[in-house]
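Throughout, read-outs are computed from the coordinates displayed, never taken from laboratory work. What you see is a predicted model; the values in this text were computed from it and never measured. Methodologically, a virtual Cβ is constructed for each residue, glycine included, from the backbone with ideal geometry; neighbour enumeration extends over all protein chains shown.
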Amino acid sequence: MRLLDHHPVSEAAARRLRDAIRHVDRHILTDPEVARVPLVVASALRHVAACVLATFPHSGVREESAGDRRDSRPATIHRAAAYIEAHADTDIAPADIAAAAHISVRALHIGFRRHLGTTPMGYLRTVRMAHARRDLLAADPAAGDTVSGIASRWGFHHHGRFGATYRRIYGELPVQTLFR
């Protein structure tokens, strides 16, 4: 990746970059106690690098190509969605979904946004949430089935977030569904 121009994309972006550099210089690099922590320094430098990329035009951003648009047609996205539904119980990533649909990850994201109004991983979460609800409805608390066990089975490891999302979608807490 390379910078394509030395002029900032906006004055606001340039101001954010200056502020980031000033912060790193004043509060991280010049404080010996903080500067000795590699994780903090690396994170601060990544932040400055991200600000540089947000400030100047660079080769890492490309326009949506005709190939991306062609590859993201409804039938292809349907194939990707079917893959997600068939493999929702496994650890899958956008690259796996794109490979199954024979398209690029970029085309996958474009197609999901255009045709389904979400991202591939957002769609995966929706599918997993539906499976979790189905399992909660079929569960037997007397046999030891729990909300946390079912949530974990479907990849929801932050149980508080799972409960809040479940309630927003289904209008009740997962434990209420479990004990129906």
- Message: Counting only helical runs of four or more DSSP H residues, what would the 222 nm mean residue ellipticity of the chain come to if each run contributes -39,500 (n - 2.57) and the total is spread over all its residues?
- Response: -18500 deg cm²/dmol
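What ranking do SER10, SER104, SER72 get, fewest neighbouring Cβ atoms within 10 angstrom at the top? Intermediate values should be presented prior to the final figure.
Values: SER10 11, SER104 17, SER72 24.
By the 10 Å Cβ count, ascending: SER10, SER104, SER72.
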- Query: So what is log10(I(q)/I(0)) for the chain at q = 0.08, 0.11, 0.18, 0.19 1/Å, when the Debye sum runs over its Cα atoms only?
  - Reply: -0.46, -0.77, -1.03, -1.07
- Mind checking the angle between helix 120-138 and the chain's longest principal axis? C-alpha axes, 0 to 90 degrees, to the nearest 10. 30
- How far, in degrees from 0 to 90, does helix 159-170 lean away from the longest principal axis of the Cα atoms of the chain, to the nearest 10? 70
- Query: Taking GluC sites (Glu not before Pro) as exposed when DSSP calls them loop (any state but H, G, I, E, B) and at most 14 other Cβ atoms lie within 10 Å, what is the longest stretch of the chain free of them, the sites themselves excluded?
  - Reply: 65-171
- Proxy reagent accessibility, fewest Cβ within 10 Å first, across MET121, MET129, MET1: MET1, MET121, MET129
